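Have a look at the structure below before the remarks.
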Amino acid sequence: MRYMQIENNPIRRFAELFERMQKTDVPEPAAVILATATSDGKPSVRVVLLKGFDENGFVFYTNLESRKAIELRENPFAALCFYWEPVDYQVRVEGSVEQLSEAEADDYFATRPRGSQIGAWASKQSAVLTKRRTLVLRFLKYQKEFWGKEVPRPSFWSGFRLIPQHIEFWRRQKNRLHARDLYTKDGHNWLISTLYP
Ligand SMILES: Cc1cc2nc3c(=O)[nH]c(=O)nc-3n(C[C@H](O)[C@H](O)[C@H](O)COP(=O)(O)O)c2cc1C
């Protein structure tokens, strides 16, 4: 028996929290830990920015030659973990991952500041850089190449959508009796279970 009615759609619940977080002084509520793993299950984590979410999934963008992208191609599953201190929530999302369409990636790339667009061309993300100067020179080279023109999206830069299978909301409570609601996708529905803290 539940003591409190909880939102039965986790995407709506996430949206409501995310909205609340926009009103706090946290500079980047969209920053989220992204976990990936190699095909033999060795995990790695890093921060990315969540750039969109809806019923279809959670979207972030990156270089397709980066370590995370290589891992996502060989093992297309990932997990996200948000910790939103002002609202006292942790949100965990797990599921499979698909690469965005060319059109979706183009649309988002076009909205980025010009410096970030040129930076995307300049960075061979996750490859070894022997001298910082090489990176700066690459930036200047692409700045010149695209001078007075729109910067096209590099073919090695796109985004991924994490299609959630599990979404868990953790809310702090007294005496460490924290409240955990786990939503599991079952066809078109979400099953809700409560977990011990
Ligand atoms: C606040 C913050 C936001 C970041 N956002 C992104 C992002 O949206 N996409 C991205 O590729 N890297 C982002 N990064 C850099 C990544 O954390 C990481 O260093 C980089 O993507 C290389 O990761 P990889 O070698 O595991 O692929 C961000 C870092 C921080 C601290």
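Find the eigenvalues of the gyration tensor of the Cα atoms of the chain, then list the square roots of 5 times those eigenvalues as equivalent ellipsoid semi-axes, largest first, in whole angstrom.
For the chain, the semi-axes come out at 36, 18, 16 Å.
At a 10 Å Cβ-Cβ cut-off, how would you order Arg12, Arg176, Arg153, fewest neighbours first?
In increasing order of surrounding Cβ atoms, one gets Arg176, Arg12, Arg153.
What is the distance in Å between the Cα centroid of region 168-195 and that of region 77-97?
A separation of 12 Å, based on Cα centres.
Anything over 23 Å Cα to Cα? Flag those among Lys23/Lys174; Lys68/Lys141; Lys68/Lys124; Lys42/Lys68; Lys23/Lys51, in the order listed.
Over 23 Å apart, Cα to Cα: Lys23/Lys174; Lys68/Lys141.
Can you list residues whose amide H is under 5 Å from Lys124's amide H, if they're 5+ apart or on another chain and H is modeled 1.01 Å from N?
Under 5 Å from the amide H of Lys124 lies no amide H from a residue far enough along the sequence or on another chain.
Using 10 Å bins from zero, what percent of all Cα-Cα pairs in region 81-146 falls into each bin?
All Cα pairs considered, the percentages come to 16, 28, 29, 23, 4.
With a point put 7 Å past each Cα toward its Cβ, work out how far Leu195 is from Glu102 in nm, to one decimal.
With each label point 7 Å from Cα toward Cβ, the separation is 4.1 nm.
If you project the alpha carbons of region 1-53 onto their three principal axes, what span does each projection cover, largest first, in Å?
42, 35, 17
What's the exposure ranking of Phe18, Phe160, going from fewest to most Cβ atoms within 10 Å?
Sorted ascending by nearby Cβ count, the order is Phe18, Phe160.
Can you pull the percent of Cα pairs in region 1-103 with separation above 17 Å?
The answer is 56 percent, as a whole percent.
Could you work out the Rg to Rh ratio of region 121-197, with Rh taken as the Kirkwood radius (inverse of the mean 1/r over all Cα pairs)?
1.32
May I ask for the angle, rounded to the nearest 10°, between helix 10-22 and the longest principal axis of the chain, with both axes built from Cα atoms and the value confined to 0 to 90°?
So the helix axis and the longest Cα principal axis differ by about 70 degrees.
Could you list log10 I(q)/I(0) for region 49-116 at q = 0.26 Å⁻¹, which the Debye formula gives when each Cα is one point scatterer?
-1.31
Cα extents of region 151-193 along the three principal axes, largest first, in whole Å?
53, 29, 12
All of the numbers you see were taken from the coordinates with simple rules; none came from a lab. As the structure is a computational prediction, the values presented were derived from the model and not from experiment. Virtual Cβ from ideal backbone geometry, glycine too; neighbours counted across all protein chains shown.
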